[in-house]
Amino acid sequence: MKKRQVVVKTGKSSSSVVRNVRYFECQKNHAANIGGYAVDGCREFMAGGEEGTGSALMCAACGCHRNFHRKEVQNEVVCEYTPPIDSNA
Ligand SMILES: [Zn+2]
């Protein structure tokens, strides 16, 4: 009697999390020195220069540092699935 061995190859499955960081409204208080509260109304951070340079951290629209802008982190799960190859096809 012959024994048959069935090898089931499972496909590769991997998932990775992509972090998307976005900066929204500027929240810098421009009236802090006079005891008031006033923001410049900038709605979204726009990098003032190339990524990796110091000016990339400054907002092109209002000139404030990126830290003054509201930060929002979105985690996006990316799933990759490679189905096993069917050799009988
Ligand atoms: Zn600003």
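Going through (1) away from the ligand (no atom under 16 Å from the Cβ); (2) surrounded by 10 or more Cβ atoms within 10 Å (Cβ to Cβ); (3) outside any strand (DSSP E or B) one by one, GLU51 falls short only on (2). Within segment 12-31, being at pLDDT below 95 and either exposed (fewer than 10 other Cβ atoms within 10 Å of the Cβ) or within 13 Å of the ligand (Cβ to nearest atom) (or both) holds for SER14, SER15, SER16, VAL17, VAL18, ARG19, ASN20, VAL21.
Kindly evaluate ARG43 against the criterion of being within 12 Å of the ligand (Cβ to nearest atom), part of a strand (DSSP E or B) and at pLDDT 95 or above. It is false that ARG43 is within 12 Å of the ligand (Cβ to nearest atom), part of a strand (DSSP E or B) and at pLDDT 95 or above.
Within segment 44-57, residues that are of a type outside the set (Phe, Trp, Tyr) reach partners that are surrounded by 14 or more Cβ atoms within 10 Å (Cβ to Cβ) and assigned to a loop (DSSP other than H, G, I, E, B) with beta carbons closer than 6 Å, at six or more positions or on different chains, in the pairs MET46/ALA61; SER55/GLY48.
Taking the criterion of being in contact (Cβ under 8 Å) with a residue 60 or more places away in the chain and assigned to a strand (DSSP E or B), the residues of segment 1-30 that qualify are LYS12, SER13, SER14, SER15, SER16, VAL17, VAL18.
The values are calculated or read from the model by the stated rules, or taken from the named source; none is laboratory data. What you are looking at is a predicted structure, and each value in this text was computed from that prediction instead of being measured. Neighbour counts are summed over all protein chains in view; Cβ atoms, including those assigned to glycine, are modelled from backbone coordinates with ideal geometry.
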